[in-house]
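Trainee: Okay, here's the structure, questions in a sec.
The values are calculated or read from the model by the stated rules, or taken from the named source; none is laboratory data. Every value quoted in this text rests on a predicted model; they were computed, and no experiment measured them. Positions of Cβ are backbone-derived with ideal geometry, glycine not excepted, and every protein chain shown enters the neighbour counts. For accessibility, only protein heavy atoms count, side chains too; no ligands or nucleic acids. Shrake-Rupley method; radii C 1.70, N 1.55, O 1.52, S 1.80 Å.
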Amino acid sequence: MRGDHMTDAELNELARGWIAYWHDPKNEDTWEAWNRSSDYMDEAVESHPIEAWKMILAIHALDQSRQIQQVLSPGPIEDLLVKHGDEMIAIVEAEAGRDPTFAKVLGGVWKNRMADEVWSRLQGVWDRRGWDGIPEE
């Protein structure tokens, strides 16, 4: 993991690889890029939460499709809040307040093993419309 030495361009390249795979997971051309980006994300979520957060934001900035939201929410975002919720929840809350489209992505996060306080704070800023049969309007 390169951590803080990852440039924005490198981070965006990883994010594009992650996105490409989820749009077409059977495409062998996307597997290598996804594998690199997935390994980076897994390690970042485990040990470098700020780097994971940067990757999450890069993915969100590049692709706000429903398809990507459905893997970003219950995947990296949920994992990050399970492992580092106390450290990350204020940052997540601020982003949700700043960006309503990100609040909507948070609507797909499940509690999992998240601390009760983190879960409660997440519920205070998410937008569940469009998730689990909840009407958009």
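Trainee: Give, rounded to the nearest 20 debye, the magnitude of the charge dipole that the chain has about its Cα centre when Lys and Arg contribute +1 at Cβ and Asp and Glu contribute -1 at Cβ.
Mentor: My answer is approximately 360 debye.
Trainee: On a 0 to 90° scale, report how tilted helix 49-62 is relative to the longest principal axis of the chain, with both axes built from alpha carbons and the result rounded to the nearest 10.
Mentor: Compared with the principal axis, the helix lies near 90 degrees.
Trainee: Same structure, new question: Taking the chain, how many lysine pairs are there with alpha carbons less than 25 Å apart, if each pair must be eight or more places apart or span two chains?
Mentor: Taking the Cα cut-off of 25 Å, the pair count is 5.
Trainee: In the range 121-137, which residues have a backbone nitrogen under 15 Å from the label point lying 7 Å from Lys111's Cα in the Cα-to-Cβ direction?
Mentor: Of the residues in the range 121-137, 121-124 have backbone N under 15 Å from the label point off Lys111.
Trainee: Counting only C-alpha contacts under 8 Å and six or more residues apart, can you give the relative contact order of the chain as a whole percent?
Mentor: About 20 percent, as a whole number.
Trainee: While we're looking at this one, here's another question. Ignoring ligands, DNA and RNA, what accessible area per residue does the chain give at 1.4 Å, in Å²?
Mentor: Dividing the accessible area of the chain by its residue count gives 53 Å².
Trainee: While we're on this one: Tell me, in nm to one decimal, what length is gained between Asp29 and Ile91 on full extension, where the rule is 0.36 nm per residue of separation less the Cα-Cα distance?
Mentor: 18.9 nm
Trainee: How much solvent-accessible surface does Glu32 expose, in Å² to the nearest 10, with a 1.4 Å probe and all protein chains in place?
Mentor: Rounded to the nearest 10, that gives 130 Å².
Trainee: Working with all protein chains in place, sort Thr30, Thr7 by solvent-accessible area computed with a 1.4 Å probe, largest first.
Mentor: Most to least solvent-accessible, the answer reads Thr7, Thr30.
Trainee: While we're here: Show me, bin by bin at 5 Å from 0, the whole-percent P(r) of the chain based on Cα pairs.
Mentor: 2, 11, 21, 23, 21, 14, 7, 2, 0
Trainee: Might you work out the accessible area of Leu57 for me, using a 1.4 Å probe with all protein chains in place, and round it to the nearest 10 Å²?
Mentor: 50 Å²
Trainee: Moving on to the next point. Can you pull the three principal axis extents for the Cα set of the range 73-137, in Å, largest first?
Mentor: Answer, in whole Å and largest first: 32, 24, 18 Å.
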